[in-house]
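The values are calculated or read from the model by the stated rules, or taken from the named source; none is laboratory data. The model shown is predicted, which means the values in this text are computed figures rather than measured ones. Here the Cβ is made from the backbone with ideal geometry for all residues, glycine too, and neighbour counts use every protein chain on show.
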Amino acid sequence: MGQLTTNIVLLGPQQPSPDVGDALQEAGVKGPVALITAGWQEREAEDQALVEHLRVKTVNLKLHARSEQVFAADKELSAAAKARQTRLKAVNDFYRIRLDHAFEAAHAISVRHVDPELLAEEQHESVEALKQLDGDHLERCKVSHDHFVESWQPNQRPAVAKHREEIGKILDDSEAIVVMGGHVVSLLNRMKLFDVIGLAKKQRWFAAAGGAMLLTERVFLFHDFPPHGTGIAEVLDHGFGLVKSLVVLPDFCHRIDSSDRGGIARFVQRIAPATCVAMDPGGRVFVEGGLVRRALCHRLGADGSVEEGWTGC
Amino acid sequence: MLKAIETLQQGPRTAEAVDAFFAGRTFPIVEGHTITFVYRGEAEAIHLKHWVFGLPSSQQLTRVEGTDVWFLALELPPGSRVEYKLEVVRNGNGEWREDSLNPNRARDPFGANSVAHGEGYAIPPWIHPHPETQPGKIDELFLDSKVFGRRRVEIYLPARFRRTRRYPLLVVHDGHDYLRYAALGTILDNLIHRLEIPGMIVAMTSSPDRLVEYANDERHASFLTDELVPQLERALPIDARPQTRCLMGASFGAVAALSTAWRRPGYFGRLLLQSGSFAFTDIGDRNHRGPLFDPVVAFINKLRAQPVAMSERVFVSCGMYESLIYENRSLVPMLQSTGMDVRYVEARDGHNWENWRDRLREGLSWLFPGPLLFVYE
């Protein structure tokens, strides 16, 4: 999915204050810049403060507003997209039930008083079971998306094609694309609907928080401090795959329990062999040819350790 | 180390010493697991009146000899929250009063009680209005029901309500009381703002005859599923799927929610049951709670004999200090046996609105997870 892009900067959370403008400046980007704030949903156009912060000529692609126009104009496509989302939600619910039970099973096994070697083997099996569930879920998501694209050919439909042409022109004039975070499902769906990755050719990418998650191969949702119970990370979907073998977890300090070494270890083993990085404000990952070349963030280890100030080496 | 009251007992017991004891101190006195209730004034006797099931509901305070100070020390497990009154006996007559030394009050339809917060209990911050939270709006709607005649229903619409969106629907029994005594409106505002639940439409019903209508009454199920919900779905942008439709209630309201779901399996995909009055018998058909409970007993007995998956997700909560704890604990494995996804939460609290208030975050966010998990800014 997607071509290898040679110049990508992943950034951490942009709340309470953004630093993506600094990243543009550091990279010598003069503009214009294409901006994606579709993750902000209805607040997509409330980008004035951000645009000021970027300090270069910026054009918001307004993918959220465009998608609303598409769905208003093309009812068939709208109904099909809604049906796909409803199905994906149900599939996700079932995946989540299986995941919860797999975690319960792993916990039940982990507290048994048996030979440590056997226990280690069993814990490995528990992680494998989680990997299997994640993999199956990703495959089901892919089948659903592929079926949607094959059945409806969104790029060929006039309502979408018109916007793609406009987006393509903006991108052709842009030196870089800035993808802000927000609601990752909204962002993912909008970027997919207009196939923004397919339209982007030479631009450099600057993707923050949720935006950074989407440029990797797999998007994991996580929160160790949910309002109920214990958080169990779950895989949402495939990302765009511009960044290989990396899982990005933004907002480390608010969303991850760094004292839970067992939980971190299990997660890192679950996503292996990919590298797992956690990003706080100011964090950076520099990517060339799809691979991490340099970084300033935390790397999570398979033993549950947190390597602060990881440089990517 | 001496407890505060012991220092008074062992000291000179002068008026100055007593004044010094009260100065700058909060009451009741919480010292680790010990909570000491204190009263100051002339009386023949002082009794602590509370509703903690498992402890004597009336306990006498002891006078500190030579003073007008009375006290009672209780051991309370961490996290406890206890509502109480003090009975002041004078001239042979007892009068129940709120504790004038304690500013904490809990209000309910019967008035107000004083509240003792045990070690580790904290009033949740999300029950208070937050300056950054945009409040929702509460409208009222009058429904001409074929079953019950004209009924008033309060409707909560979330901040930034848009007709182009589809919202989950939460139907709340005794909704007016939830608004008034359990801060439901503020809690919805805050949880939505914190992305812990999605924006939702909430219908708050009330009944003039709840003990009858809520006790597994077909008319009530019909009112909700044939009249109220369809009308709301016609009038408002509601996501009309069982998964996004929740029925909720406390006490008899929880019975109403469970029995309606049982009468209309699959209609409400989410249930939130707080301190349900789920009385049952293992033999015979009369429960010790009296005839008002007879239809409830018949219903729960029937359900226990043949459990069915009537919903998808059920959140059950109950206070450990309630007499209904046994019934609620018994309900949970039975519900789980049907394959429904059931979450059960207990609190060291009683059968009261603030217990129900304090469990709303966990219950609502589990039944309707908000976009928190999806938003990375």
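Assorted remarks:
- Residue selected from region B:69-116 under the condition crowded, with 17+ Cβ neighbours inside 10 Å and outside any strand (DSSP E or B), by the criterion farthest from the chain's Cα centre (by Cα): B:L101
- Count of region B:170-200 residues, restricted to those that are away from chain A (no Cβ under 14 Å), farther than 24 Å from A:V184 by Cα and of a type in the set (A, V, I, L, M), is 7.
- Pair list, Cβ < 6 Å and 6+ apart or interchain, from region B:248-272 residues that are within 14 Å of B:E312 (Cβ to Cβ) to residues that are in a helix (DSSP H, G or I) and polar (S, T, N, Q): B:R264/B:T225; B:Y267/B:T225; B:G269/B:Q243
- Restricting the first member to region A:133-158 and to residues that are β-branched (V, I, T), and the second to residues that are surrounded by 12 or more Cβ atoms within 10 Å (Cβ to Cβ), the beta-carbon pairs closer than 9 Å and six or more apart or on different chains are A:V149/A:N155; A:V149/A:K192.
- Checked against (1) touching a Leu at 6+ places or on another chain (Cβ under 6 Å); (2) closer than 15 Å to B:A257 by Cβ; (3) within 14 Å of another protein chain (Cβ to nearest Cβ); (4) not β-branched (V, I, T), B:F278 meets all criteria but (3).
- The listed residue being more than 13 Å from every other protein chain (Cβ to nearest Cβ) and of a type in the set (G, A, S), out of A:G239, A:G263: A:G263
- Cβ separations smaller than 9 Å between residues 6+ apart or across chains give the following pairs from region A:284-301 residues that are in the same structural domain as A:F240 (by TED's automatic domain parsing) and in contact (Cβ under 8 Å) with a residue 24 or more places away in the chain to residues that are among the aromatic types (F, W, Y) and part of a strand (DSSP E or B): A:V287/A:W205; A:V292/A:F286; A:C297/A:W310; A:H298/A:W310; A:R299/A:W310.
- Scanning region B:334-373 for residues that are among the small types (G, A, S), within 13 Å of chain A (Cβ to nearest Cβ) and within 19 Å of B:M320 (Cβ to Cβ) returns a single hit, B:G363.
- Some residue of region B:243-251 being over 23 Å from B:A182 (Cβ atoms) and not acidic (D, E): yes
- Of the residues contained in region A:32-41, one or more are found to be surrounded by fewer than 21 Cβ atoms within 10 Å (Cβ to Cβ), within 20 Å of the chain's Cα centre (by Cα) and not in a loop (DSSP other than H, G, I, E, B).
Yes or no, residue by residue, for (1) in a helix (DSSP H, G or I); (2) surrounded by 19 or more Cβ atoms within 10 Å (Cβ to Cβ):
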position: B:K302; (1), (2): yes, no
position: B:S317; (1), (2): no, yes
position: B:Y321; (1), (2): no, yes
position: B:E327; (1), (2): yes, yes
position: B:L335; (1), (2): yes, yes
position: B:R343; (1), (2): no, no
position: B:D349; (1), (2): no, yes
position: B:R361; (1), (2): yes, yes
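- Condition broken by A:A272, with the remaining ones in (1) under 20 Å from the mean Cα position of the chain (by Cα); (2) on the phi < 0 side of the Ramachandran plot; (3) surrounded by 15 or more Cβ atoms within 10 Å (Cβ to Cβ); (4) not charged (D, E, K, R) satisfied: (3)
- In region A:275-313, of all residues being touching a helix residue (DSSP H, G or I) at 6+ places or on another chain (Cβ under 7 Å) and surrounded by 21 or more Cβ atoms within 10 Å (Cβ to Cβ), the one that is farthest from A:A23 (Cα to Cα) corresponds to A:L300.
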